Amino acid sequence: MSGCTGVSAGGAAPPREERVGVMVRVRFHGRGGHGVKTASRIVGTAAFLAGYQVQDSPVYGAERRGAPVTAFTRISGKPVLERGPIQSPDLIVIADETLLEDPVAGVLAGQEAASAVFVNAESAEGLAEKYSIRPEIIALDITGRTLEALGRASALSAGIGAAAARLTGLVSAEQLEEAGREELAHAGVLEDMIKKNVALAREIYAEVPAVTIHRGGPVAAEAAAPEMRTVAYDSPTRGAPSVIAPGNAELRQTGAWRVEMPVIDYDRCTRCGLCFVRCPDGAIALDDDGYPVIDYDHCKGCMICQQICPIHGIEIKKETEAW
Ligand code: SF4
Ligand code: SF4
């Protein structure tokens, strides 16, 4: 069993009454299947049970196990009116150390404002220098602990949620346990596995130190109401998603994730354009004659185009056969 290591750890955060005017922003990074979305929900629910107002929301990239996933939890003593991704987190929680190597994942973005970075790793030793991490680093081998407790190394939500909840210094062990039970049941986890998860969460909560949240940004209670805009109608060729700059689509060769390949039967295609409109990755373009053309560098094989084609004109081929 490995202990929690950190560069330094501050004391507990001030009591709730002193924190009503600030908002604590926690940003989680993991991969599809790690459970960071559930971890962020556990932290949010635990904080809600502690009497705070909370907001949690995940952002998925391509819908695929192993793809980077980010989740956000905002905790405040006042209504949470702020929306969107957290750019300046108070806590950064990294469920997979390899994400630190990924230049696109941007797990350290906004670290200047953060009070601490939690890394699912055996030790914090050397991480600051290797990855230029400036806030204090807390590390614990959540994967190893999850494997030990649950017999599997994925589904890290209880451990990651417990570490994050403790780091905020805003929730009690009891509130964390209740939140864990509720969220795991909601996710369809069976009772005996919930008990193991909750026991693991309790252990990790006891090991991880609360850090001092130096800043805690002001709540956005006075934020102006968003301006309403009328969105003009665009034809499918303009309104459908496309893989264009700016963005990182070009860097993400999601075609490498594909296990099945959609192949258009051009003898039957009616050029209705539905596959072009519905491809979630904008991996289908229309040629000069209006026929759909698949960009196999970015098609990730979700097969939505195959399901949507009204004439069943898109065939599924095994990747090995197709190439
Ligand atoms: S399978 Fe079809 S819908 Fe899915 S990414 Fe590829 S082209 Fe787009
Ligand atoms: S949905 Fe089918 S018929 Fe319509 S453009 Fe795509 S391949 Fe052709």
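Among the listed pairs Lys196/Lys300; Lys37/Lys195; Lys37/Lys318; Lys78/Lys130, those whose Cα-Cα separation exceeds 28 Å are Lys196/Lys300; Lys37/Lys318; Lys78/Lys130. Each label point was placed 7 Å from the Cα along the Cα-to-Cβ direction; for Thr230 and Glu319 their separation is 4.7 nm. Here the contact order of the range 92-198, divided by its residue count and restricted to Cα pairs under 8 Å and six or more residues apart, works out to 20 percent.
Put a plus charge on the Cβ of each Lys and Arg, a minus charge on the Cβ of each Asp and Glu, and nothing anywhere else: the dipole of the range 5-218 about its Cα centre is then about 520 debye. Taking amide H as placed 1.01 Å from N in the peptide plane, the amide H of Gly35 sits under 5 Å from that of Leu156, each at least 5 places away or on another chain. Using the Cβ-Cβ distance between Gln253 and Tyr60 with R0 set to 22 Å, the FRET efficiency from 1/(1 + (r/R0)^6) comes to roughly 0.75. If you plug the beta carbon distance of Ser172 and Leu147 into 1/(1 + (r/R0)^6) with R0 = 30 Å, you get a FRET efficiency near 0.65.
Coupling constants for the range 183-191 follow from the phi torsions by the Karplus curve (6.51 cos²θ - 1.76 cosθ + 1.60, θ = phi - 60°), and in residue order they are 6, 6, 5, 4, 7, x, 6, 6, 4 Hz; glycine and proline get x. Less than 5 angstrom separates the built amide H of Val93 from those of Arg27, Phe28, His29, Phe118, all sequence-distant by 5 or more or on a different chain.
With θ taken as phi - 60° and the Karplus curve 6.51 cos²θ - 1.76 cosθ + 1.60 applied, the whole-hertz 3J(HN,Hα) list for the range 312-318 is 6, x, 10, 9, 9, 10, 4 Hz, x standing for glycine and proline. Met261 contributes an accessible area of around 10 Å² to the protein surface, as traced by a 1.4 Å probe with all chains present.
Does the range 72-200 classify as rounded, prolate or oblate by the C-alpha gyration tensor (a ≥ b ≥ c root eigenvalues; a/c under 1.5 gives rounded; else a/b over b/c gives prolate, otherwise oblate)? It comes out oblate by the Cα gyration axes.
The HN-Hα couplings worked out from phi for the range 200-211 by the Karplus form 6.51 cos²θ - 1.76 cosθ + 1.60 (θ = phi - 60°) are 5, 4, 4, 4, 5, 4, 6, 8, 7, x, 6, 9 Hz, whole numbers, x standing for Gly and Pro. Over the Cα atoms of the range 24-117, the radius of gyration divided by the Kirkwood radius equals 0.96; this is the Rg/Rh ratio.
The values are calculated or read from the model by the stated rules, or taken from the named source; none is laboratory data. Note that the structure is a prediction, hence the values are computed from the model and not measured. Using ideal geometry, Cβ is built from the backbone for each residue, glycine included, and neighbour counts are taken over all protein chains shown. Just so you know, the surface numbers come from the protein's heavy atoms only, side chains and all, with ligands and any DNA or RNA stripped out. Shrake-Rupley method; radii C 1.70, N 1.55, O 1.52, S 1.80 Å.
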